[in-house]
Amino acid sequence: MIIKFRSGWLFPLVLAVVLGGLSAWLGRISEVQMEETKLNPNEPKYEMQGLSGKRFDESGFIKENLSAVKAWQLPDKDEVMFAEPDLSMFNQGRQIYHVTSKDARYDTEKRQVYFENDVVLTKAAEAGKPAGMLKTSRIIIDTQTENARTDAEVEYHYGQSHGTANGLTYDNEKGILNLPSRVKAIIYDPKNP
């Protein structure tokens, strides 16, 4: 009877030890060893060719369309770089602005696009207002507020009016263009030709 008693508690004990050992062994072989490698800060973390993306508003209308020949991001940076970007901004599905340049940077935190090198911004004609065009070496566009600004020299055309200035700010919501300095302009008044 003593032999049965020993084998009665010995088997569950051996089974518990074997299952515990098996569980520990399975845990060790299923662990994934991750080794973090520091990326070269001068080489892209990722790179895309032939980029095209659209953003829609709450009603389902297209709000922004961005395409580029190439896009990349460097490690530990909040900016995405673009080669030959092409940005169109829309209001209720109708294009209101179109911006192109040779280079651009998009700050993912501030949600601002920094267009650089041969920037051309065009504004479509609307409700009795003529089309407009702006050329400059650089401009910053805030995609949230739809404001644009630059301190560089600008050349502009608005209908038959045209001119140059050093810098500008533009508030799309209010429709206010501010040319802060060295403005040279020829203003054409369509009501008084």
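The values are calculated or read from the model by the stated rules, or taken from the named source; none is laboratory data. Please read all numbers here as calculations on a predicted model, not as lab measurements. Using ideal geometry, Cβ is built from the backbone for each residue, glycine included, and neighbour counts are taken over all protein chains shown. Surface accessibility is based on the protein's heavy atoms, side chains included, excluding ligands, DNA and RNA. Shrake-Rupley method; radii C 1.70, N 1.55, O 1.52, S 1.80 Å.
Considering only strands (runs of 3 or more DSSP E) fully contained in the stretch 86-193, which possess at least 2 residues that are at pLDDT 85 or above, among the acidic types (Asp, Glu) and open to solvent by less than 30 Å² (accessible area, probe 1.4 Å)?
Working: elements: 86-91, 94-100, 103-107, 112-123, 132-142, 147-158, 161-171, 176-178, 181-186.
Per the criteria, no element qualifies.
Here residue 1 meets each of (1) open to solvent by less than 100 Å² (accessible area, probe 1.4 Å); (2) at pLDDT below 70; (3) not charged (D, E, K, R) with one exception, condition (1).
Per the listing 67, 23, 52, 59, the residue uniquely at pLDDT 85 or above, among the polar types (S, T, N, Q) and not in a strand (DSSP E or B) is 59. If you go through the stretch 70-85 one residue at a time, how many are outside any strand (DSSP E or B), farther than 20 Å from residue 144 by Cβ and not charged (D, E, K, R)? So the count comes out to 2. Within the stretch 38-61, the set of residues being open to solvent by less than 100 Å² (accessible area, probe 1.4 Å) and under 15 Å from residue 74 (Cα atoms) comprises 39, 40, 41, 44, 46, 47, 48. Anything in the stretch 94-138 that is among the hydrophobic types (A, V, I, L, M, F, W, C) and within 15 Å of the chain's Cα centre (by Cα)? List them, or say none. Scanning the stretch 94-138 gives 99, 104, 113, 115.
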